[in-house]
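Everything on this sheet refers to the single structure shown next.
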Amino acid sequence: MAVFLSKRILRYTLLAGLCVTIIVLLSSDHVSSTDINYLEQFKGLGTGVTDYFRGSETPQLSEKEKEVEEERQKVEKNLAQQHEDGKVEFDEPAMDKNAQALKESAEEADAAHEPQTFKSTWEFMAPSYANKGKKPKAAFVVLVRNNELEDILPSIKNVEDKFNHQFNYPWVFFNDEEFTEEFKTKINKTISSKAEFGLIPKEHWSYPDFVNQETAKKERDRMVKDAVIYGGSESYRHMCRFQSGFFWRQKLLEDYDWYWRVEPSTRLYCDIKYDVFQYMQDEGKVYGFTITIHEYLRTIETLWKSTRDFWKKNPHYIADDNLVEFISGDKGKTYNLCHFWSNFEIANLNFWRSPAYREYFDYLDRTGNFFYERWGDAPVHSIAASLFLSKDKIHYFSDIGYHHNPYDNCPLNNTIYKENNCDCDQGNDFTFQGYACGVQYYDAQGLKKPDNWEKFQQ
């Protein structure tokens, strides 16, 4: 930046000296019409004066003008020689206050706008893994409305009892309306740590200007006729778009690297005796889940086409040794509808902040199909994780018993089940049932399935 700025200042000095020389030379004699025409050529050129001389036009110069031009060429040749190796010294003490302010302002602007390049998504996230062994910067994240207070309180108390009373991680709540004082008071009485409450910006929970709302309504009406779940809901679509592209942009999460998503009416079945955030950080994991499931094709009819289009335009974002086999049975030609059920996620926020995911979400968003169709955040998150991360960065919490109506993740390992005081029915475990994608996940990861896993397929 200093070298770049020095070029500018030296050229401004050159221009000033050139103007003075012209004035001195011309003042020594009468000003001819040729002199006037020559001076007129500089109007509006500003710092582009040297470009003019390199142009295709060749003005007729007087003897005095030729002297000026020869002197200018000597100075510029010397300037070019000095900058050839980028070693021009910058005399900061000699700068006046205005020049110094200009330099500092330009440096700040360059720092803010200079594009940063990363070899991979993992390299972008690497700084958040530098604190190995230290407590992670993590929080529980809850998207909830005031009228869901009685549904979220048991879920929060359950997480506190099964896990957080040992580790005291903070809670962050988001709502598209202001939280009531009653809501805040009851939450604070339930948790063992601090709570923060955020109002979602309107632009993160509304129609973008490129979406035709009349067309969106027609598509919702069609889905209602087709009996598609949440097919007629506008708020569900805003929620899915928010969870896909905006929750991780909220100011309240800026100081965190990790989050655990908690939803109303969910439940943990087992004690969690270790710090899951610490595990994810120290073991180099990025995305953790408990339940897999197939998506409704009717809600994402063009999602895979859009994904493949993005993939073709940005092959550099596709990770080596990725998990595409989890989401496709034919090496990416088609989508098998498998995804991680995102109502439970323990993940690194910096993955969503990465250039790969940002560009992927923006590409999807511009299609309008979060509204014209009913794209969910679960398949969007799952596809991104499966393509942009190497498979060893994705973790299945087989030891965490979890319920979200109507499915359970219940540890099938009897030792874990007993040691962690689980109270779920192993017979209800959803992992290997037909509508789940546990088989696809285990096969894609090359993992050995639990003993007698076949009996849990029904």
- What is the residue count in the range 308-340 for residues that are open to solvent by less than 30 Å² (accessible area, probe 1.4 Å), touching a strand residue (DSSP E or B) at 6+ places or on another chain (Cβ under 9 Å) and not in a helix (DSSP H, G or I)? 6
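Does the range 423-435 hold any residues that are part of a loop (DSSP other than H, G, I, E, B) and more than 14 Å from SER398 (Cα to Cα), and which are they? Give the steps one after another, and end with the answer.
If we filter the range 423-435 for residues that are part of a loop (DSSP other than H, G, I, E, B), which is where we start, we get 423-425, 430-435.
Of everything in the range 423-435, those that are part of a loop (DSSP other than H, G, I, E, B) and more than 14 Å from SER398 (Cα to Cα) turn out to be ASP423, ASP425, GLN433, GLY434, TYR435.
Filter the range 117-126 for residues that are touching a residue at least 40 places away in the same chain (Cβ under 8 Å), part of a helix (DSSP H, G or I) and open to solvent by 40 Å² or more (accessible area, probe 1.4 Å) and give the result.
Filtering the range 117-126 for residues touching a residue at least 40 places away in the same chain (Cβ under 8 Å) gives 118, 120-122, 124-125.
From what is left, the residues that are part of a helix (DSSP H, G or I) are 121-122, 124-125.
Matches in the range 117-126: TRP122, PHE124.
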- Note on the structure: Contact list, first residue from the range 128-147 and farther than 21 Å from ILE200 by Cβ and in contact (Cβ under 8 Å) with a residue 12 or more places away in the chain, second anywhere and in a loop (DSSP other than H, G, I, E, B) and open to solvent by 80 Å² or more (accessible area, probe 1.4 Å), beta-carbon distance below 9 Å, six or more apart or interchain, is SER128/LYS137; ASN131/LYS137; LYS137/ASP255
- Test GLU150 against the criterion of being over 21 Å from ILE400 (Cβ atoms), in a helix (DSSP H, G or I), modelled with pLDDT under 95 and open to solvent by 10 Å² or more (accessible area, probe 1.4 Å), and give yes or no. no
- Query: Can you tell me how many residues in the range 153-184 are open to solvent by less than 10 Å² (accessible area, probe 1.4 Å) and either at pLDDT below 95 or outside any helix (DSSP H, G or I) (or both)?
  - Reply: 6
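Which ones in the range 161-182 are hydrophobic (A, V, I, L, M, F, W, C) and in contact with a strand residue (DSSP E or B) (Cβ under 8 Å, 6 or more places away or on another chain)? Steps first, answer last, please.
First pass over the range 161-182, keeping only residues hydrophobic (A, V, I, L, M, F, W, C): 163, 167, 171-174, 179.
Selection gives PHE163, TRP171, VAL172, PHE173, PHE174, PHE179.
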- Task: Output the number of residues of the range 176-204 satisfying the condition of being under 19 Å from ASN147 (Cβ atoms) and touching a residue at least 40 places away in the same chain (Cβ under 8 Å).
- Result: 3
- Do you know which of the residues in the range 270-294 that are open to solvent by 20 Å² or more (accessible area, probe 1.4 Å) and more than 15 Å from HIS395 (Cα to Cα) is nearest to the chain's Cα centre (by Cα)? HIS294
- Message: Based on this model, can you work out whether SER390 counts as surrounded by fewer than 21 Cβ atoms within 10 Å (Cβ to Cβ), among the hydroxyl-bearing types (Ser, Thr, Tyr), touching a residue at least 40 places away in the same chain (Cβ under 8 Å) and within 29 Å of TYR129 (Cβ to Cβ)?
- Response: yes
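The values are calculated or read from the model by the stated rules, or taken from the named source; none is laboratory data. All of these numbers come straight from a predicted model, not from anything done at the bench. Here Cβ is always computed from backbone atoms with ideal geometry, including for glycine, and neighbour counts include all displayed protein chains. The protein model used for the area step is the full one, side chains on, heavy atoms only, and it has no ligands, DNA or RNA in it. Shrake-Rupley method; radii C 1.70, N 1.55, O 1.52, S 1.80 Å.
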